[in-house]
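Below is one structure; the comments refer to it alone.
The values are calculated or read from the model by the stated rules, or taken from the named source; none is laboratory data. All values derive from a computational prediction rather than experimental measurement. Here the Cβ positions follow ideal geometry from the backbone for every residue, glycine too, while neighbour counts run over all protein chains shown.
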Amino acid sequence: MTESRMPLREAVQVLHRARTDQVVITTMASAREWMHLGQHPLDFIYAPSSMGQAPTLGLGIALAQPQRQVIVCNGDGGMLMNLGTLVTITAEAPENYILIVFDNGMYEVTGMQYTAAAPAARRRNDPIAPCGIARSCGFRSVYEFSDLPAWEAGIADVLDAAGPTYVHLRVAPVPGAQVPRSPAPPPQRAREFAEALQQR
């Protein structure tokens, strides 16, 4: 049976339309799509990235600036590389923190290899329950979406939920897609982002 998955670009667009003044950190495939939608001072495009590190970067910002909502857009491959961060996030329990995992079942930007959590890569056909993992780690609000209309209908609830919040989006892979590139020199971007965080 084929899993229901939504198109990645449209999934990112749903968040972009709903976003107001939140900090948004994107990495890997979500960063590539987010860059096509324009620039905002509170965007941090984590590219080139150290896979798995975006959630902890977002955690630091959420703790330092509790008046701001922080949204981290991570990939499923990156999430698997640093599952321990889920427990770190919930130990600190920032109510202003949202982690969105875009799950395409693959390491898309390195050659479309299946992740170890993808059904096609599991010899015993034993499914992984990412939302169950998030709940077990202590996330206060947990959501899962696999089709675009449900995600569009649910985004307002996600943004209004008491955090820390975990969102699992099942998205379709994009064969042949380019590796996301830094939109500007990293030191310059870091300075501009730091300055934007000091506003308000």
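Looking across 94, 119, one residue alone is in contact (Cβ under 8 Å) with a residue 24 or more places away in the chain and farther than 27 Å from residue 9 by Cβ. It is 94.
Remark: residue 124 falls outside the filter, which requires a residue to be modelled with pLDDT of 95 or more and either over 27 Å from residue 160 (Cβ atoms) or among the basic types (Lys, Arg) (or both). Checking the structure you have, find out if any residue of the range 121-132 is buried (at least 18 other Cβ atoms within 10 Å of the Cβ) and of a type in the set (A, V, I, L, M). No, there is no match, as no residue in the range 121-132 is buried (at least 18 other Cβ atoms within 10 Å of the Cβ) and of a type in the set (A, V, I, L, M).
Residues in the range 30-83 that are charged (D, E, K, R) and farther than 20 Å from residue 168 by Cα: 43, 68. The helices (runs of 4 or more DSSP H) found entirely in the range 57-167 that carry 3 or more residues being within 30 Å of residue 197 (Cα to Cα), more than 14 Å from the chain's Cα centre (by Cα) and charged (D, E, K, R) are 148-160.
Would you say residue 96 is within 18 Å of residue 137 (Cα to Cα), modelled with pLDDT of 95 or more and surrounded by fewer than 22 Cβ atoms within 10 Å (Cβ to Cβ)?
Criteria met by residue 96.
Of everything in the range 135-194 that is of a type in the set (Ser, Thr, Tyr) and surrounded by fewer than 19 Cβ atoms within 10 Å (Cβ to Cβ), the residue that is nearest to residue 24 (Cα to Cα) is 182.
Show the residue pairs that are 6+ apart or on different chains and have beta-carbon atoms under 9 Å apart, the first residue being within the range 127-143 and over 23 Å from residue 160 (Cβ atoms) and modelled with pLDDT under 95, the second being of a type in the set (Val, Ile, Thr) and crowded, with 18+ Cβ neighbours inside 10 Å. Within 9 Å, no pair qualifies. Would you call residue 108 closer than 18 Å to residue 54 by Cα and among the charged types (D, E, K, R)? Yes: the conditions hold for residue 108. Just a yes or no: is a residue in the range 144-158 in contact (Cβ under 8 Å) with a residue 60 or more places away in the chain and of a type in the set (D, E, K, R)? Yes; the residues of the range 144-158 include at least one that is in contact (Cβ under 8 Å) with a residue 60 or more places away in the chain and of a type in the set (D, E, K, R).
Looking only at the range 181-200, count how many residues are of a type in the set (S, T, N, Q), part of a loop (DSSP other than H, G, I, E, B) and more than 21 Å from the chain's Cα centre (by Cα). The total comes to 2. Within the range 29-41, does at least one residue satisfy the condition of being within 27 Å of residue 87 (Cα to Cα) and over 12 Å from the mean Cα position of the chain (by Cα)? The answer is no; no qualifying residue exists.
Residues in the range 45-64 that are β-branched (Val, Ile, Thr) and either crowded, with 20+ Cβ neighbours inside 10 Å or within 14 Å of residue 178 (Cβ to Cβ) (or both): 45, 61.
All told, residue 15 falls short of being under 18 Å from residue 96 (Cα atoms), out of contact with any helix residue (DSSP H, G or I) (no Cβ under 7 Å at 6 or more places or on another chain) and part of a helix (DSSP H, G or I). Criterion first (part of a loop (DSSP other than H, G, I, E, B) and under 21 Å from the mean Cα position of the chain (by Cα)) does residue 178 satisfy it? The answer is yes for residue 178.
Tell me which residues, restricted to the range 3-44, are hydroxyl-bearing (Ser, Thr, Tyr) and either surrounded by fewer than 18 Cβ atoms within 10 Å (Cβ to Cβ) or more than 18 Å from residue 193 (Cα to Cα) (or both).
Within the range 3-44, 4, 20, 30 qualify.
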